[in-house]
Amino acid sequence: MERSRIDRLIDLTELAAGAFLAAIALITFASVMLRGFFGFAIPDGYDVSRLMLAITVFWGIASTSYRNQHIQVDILWEAAGPGMKRAIDIFAATVTLAFTALFTWMLAIKVLSTFRSNEATFDLRLPVWPFHLLAALGVLFATVLLVIRLFRLVNEAERR
């Protein structure tokens, strides 16, 4: 069976989150080894790994938003019947989408603000805005995937 474009988009989102996490682990490992054995610190290693952590978290939010695998409280949902479960799922996805869309908007403002301020890292003077942009793209992907999830939830409810 051929995978849909949406499924490939979801896989890309999960791959991005994993790649950013691997980059943080690599930077941290190299920094510790270099500092421990050679007394040398990677220039901006801390700043870059800190900025990459935000990117990883936001791309992870994108991944878990679609799969609905984030931390949940399911006491009411477990006690509900099938129709009420669907209604709870649609309501929860709608509320999450609203807050994620607002978060996306606010991060876009932050990216523009950081771009205009010419903020840079301490050692190498790397511009910070590309890191903020990558983080904002993660939240944008979360918003897009939540729209897809909500659309699928509503369409599934209509088919029943």
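Being hydroxyl-bearing (Ser, Thr, Tyr), within 28 Å of residue 140 (Cβ to Cβ), touching a residue at least 40 places away in the same chain (Cβ under 8 Å) and touching a helix residue (DSSP H, G or I) at 6+ places or on another chain (Cβ under 7 Å), is that true of even one residue in the range 32-51?
So the first thing to find is which residues in the range 32-51 are hydroxyl-bearing (Ser, Thr, Tyr), and the list is 46, 49.
Restricting the remaining residues to those that are within 28 Å of residue 140 (Cβ to Cβ) gives 46, 49.
Checking which are touching a residue at least 40 places away in the same chain (Cβ under 8 Å) leaves us with none.
So far as the range 32-51 goes, no, none of its residues is hydroxyl-bearing (Ser, Thr, Tyr), within 28 Å of residue 140 (Cβ to Cβ), touching a residue at least 40 places away in the same chain (Cβ under 8 Å) and touching a helix residue (DSSP H, G or I) at 6+ places or on another chain (Cβ under 7 Å).
Being over 15 Å from residue 124 (Cβ atoms), hydroxyl-bearing (Ser, Thr, Tyr) and in contact (Cβ under 8 Å) with a residue 60 or more places away in the chain narrows it down to one residue among 13, 28; which is it? I'd like the intermediate steps shown before the answer.
Details: 28 fails: in contact (Cβ under 8 Å) with a residue 60 or more places away in the chain.
Exactly one residue qualifies, and that residue is 13.
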- Note on the structure: Condition set basic (Lys, Arg) and in a helix (DSSP H, G or I), scope the range 93-137, selection farthest from residue 77 (Cα to Cα): answer is 116
- Query: So which of 41, 101, 142 ends up being surrounded by fewer than 18 Cβ atoms within 10 Å (Cβ to Cβ), at pLDDT 90 or above, out of contact with any His (no Cβ under 9 Å at 6 or more places or on another chain) and of a type in the set (Gly, Ala, Ser)?
  - Reply: 101
- Task: Taking residue 31 as meeting all but one of (1) surrounded by fewer than 18 Cβ atoms within 10 Å (Cβ to Cβ); (2) among the hydroxyl-bearing types (Ser, Thr, Tyr); (3) closer than 28 Å to residue 91 by Cβ, write down the number of the exception.
- Result: (3)
- Query: part of a helix (DSSP H, G or I) and at pLDDT 90 or above: does that describe residue 64?
  - Reply: no
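The values are calculated or read from the model by the stated rules, or taken from the named source; none is laboratory data. All values derive from a computational prediction rather than experimental measurement. A quick note on method: Cβ atoms are made from the backbone with ideal geometry, for glycine too, and the neighbour counts reach across all protein chains shown.
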